[in-house]
1. Take the stretch 53-71 and flag every residue that is touching a residue at least 40 places away in the same chain (Cβ under 8 Å) and outside any strand (DSSP E or B).
2. Consider the stretch 74-89. How many of its residues are surrounded by 15 or more Cβ atoms within 10 Å (Cβ to Cβ) and either β-branched (Val, Ile, Thr) or under 17 Å from Leu14 (Cβ atoms) (or both)?
3. Scan the stretch 10-29 and tell me whether some residue there is within 23 Å of Gly89 (Cβ to Cβ) and of a type in the set (S, T, N, Q).
4. Condition (residue is in a helix (DSSP H, G or I) and in contact (Cβ under 8 Å) with a residue 40 or more places away in the chain) applied to the stretch 74-87: is it met by at least one residue?
5. State all residues of the stretch 63-73 that are buried (at least 16 other Cβ atoms within 10 Å of the Cβ) and under 16 Å from Leu2 (Cα atoms); if no residue qualifies, say none.
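Every read-out reported here was derived from the displayed coordinates using simple, explicitly stated rules and does not represent laboratory data. All values derive from a computational prediction rather than experimental measurement. Positions of Cβ are backbone-derived with ideal geometry, glycine not excepted, and every protein chain shown enters the neighbour counts.
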Amino acid sequence: MLIALIAKDKPGALQTRKDNRSAHLAHIEASGIVAQAGPLIVDGEMAGSLIILDAPDMSAAQAFVDGDPYGKAGLFSSVELIEWKKVVG
């Protein structure tokens, strides 16, 4: 099942993102369920994350979120998990 993870950073949290970026990328690599990922950009700065998970179910997607170093560091103001259907690309 494909799931879109849409996370928005807290205002003024760019340094938290930078400080935890390598651990976040290692988490992505180790998970084995990330199909695509990248930062959301606002006014030229990283301000959130869009990750497409290819997970067996929503609970596996939530486990990915729960283990993400960004979330553990308190980076996000909001996190959404939404089932997604690929149509193009």
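1. Ala55, Pro56, Asp57, Met58, Ala61, Phe64, Val65, Gly67, Asp68, Pro69, Tyr70, Gly71
2. 3
3. no
4. no
5. Phe64, Val65
Results for (1) hydroxyl-bearing (Ser, Thr, Tyr); (2) surrounded by 14 or more Cβ atoms within 10 Å (Cβ to Cβ); (3) out of contact with any Lys or Arg (no Cβ under 8 Å at 6 or more places or on another chain); (4) not in a strand (DSSP E or B), shown as yes or no for each residue.
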{"position": "Ala7", "(1), (2), (3), (4)": "no, yes, yes, no"}
{"position": "Gly12", "(1), (2), (3), (4)": "no, no, yes, yes"}
{"position": "Arg17", "(1), (2), (3), (4)": "no, yes, yes, yes"}
{"position": "Arg21", "(1), (2), (3), (4)": "no, yes, yes, yes"}
{"position": "His27", "(1), (2), (3), (4)": "no, yes, yes, yes"}
{"position": "Ala30", "(1), (2), (3), (4)": "no, no, yes, yes"}
{"position": "Ala35", "(1), (2), (3), (4)": "no, no, yes, no"}
{"position": "Gly48", "(1), (2), (3), (4)": "no, yes, no, no"}
{"position": "Ile51", "(1), (2), (3), (4)": "no, yes, yes, no"}
